[in-house]
Every structure is written in C-alpha cells, then in structure tokens.
1. What relative contact order, as a whole-number percentage, does the stretch 11-92 give when Cα pairs under 8 Å and 6 or more residues apart are counted?
2. Between the helical axis of 8-24 and the dominant principal axis of the chain, each derived from Cα atoms, what acute angle in degrees is found, rounded to the nearest 10?
3. Among 7-18, 74-85, 22-33, what's the highest-first ranking by average C-beta atoms within 10 angstrom per residue?
4. Ignoring solvent entirely, what values of log10 I(q)/I(0) come out of the Debye formula for the chain at 0.13, 0.16, 0.19 Å⁻¹ when each Cα is a single scatterer?
5. Quickly work out the ASN77-to-GLU15 label distance, labels modelled 7 Å from Cα along the C-beta direction, and quote it in nm with one decimal.
6. If you find the alpha carbon centre of the stretch 65-97 and of the stretch 1-23, how far apart are they in angstrom?
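Readers should treat all values here as calculations from the given coordinates under stated rules, not as data from a laboratory. Remember, predicted model here, so these are calculated numbers, not experimental data. Glycine gets a Cβ as well: all are built from the backbone with ideal geometry, and neighbour counts include every protein chain shown.
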Amino acid sequence: MPELTFHPAAAAEYEEALHWYAERSGEIAEEFEQAVSRALQEISNFPERWPLLDDGHRIMIVATKFPYQLIYREIGNELTVIALAHHRRRPGYWQGRE
C-alpha cells in the first residue's frame, strides 16, 4: 500500500474545517473526521479509481454531506494530499503546491 502524506497546507485546511465543524457540533465534527478518514482509506486502497483533474492530480469528493474534495497525486509509491478543497473555493487555488 502506498504511503499517504499531507502537504502542510492541506493539513492546515483539514484542521481548519474540523475546527469549524467542532464549533458547531461535536457530533458533526466526528462525522466529518470519519468521512475524511474513509476517503483517505479509499484513496490508499485504490489510488487510480478517482478521475484525473489534470496531468498529475486526482480528485475525490469526501462525502455528499460535506462540501469538500481531496486533491491528491501519486508519485512512485507515495500519495500526497495536496488540498482539502471546499467546493466554493476558487478552483485551482492549490496549484503550485509541491
């Protein structure tokens, strides 16, 4: 199974989203955390399953309940989450993250 890492900015986006949900409801924050965890497991198990966004990045919707998508890339035996992008953010804002 490939090694899965987070770009520092993607990790910050995750923490920010989790904090936002936690301020509103501990239960919904836990659901968000579990949805992201399931999505990451799916990416780890089947990295080529989700559509290409461009030449090197793929995209996966976290869950229909949460307006986030994971942008990731696979290089060799390493998967890197580049962004946890909210659906309303400017498309491609994460480009340039290596």
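1. That works out to 21 percent.
2. That works out to roughly 20 degrees.
3. Those peptides, ordered most packed to least, come out 74-85, 7-18, 22-33.
4. The Debye formula, applied to the Cα set alone, gives -0.42, -0.63, -0.89.
5. Those two pseudo-labels are separated by 3.0 nm.
6. One Cα centre to the other: 10 Å.
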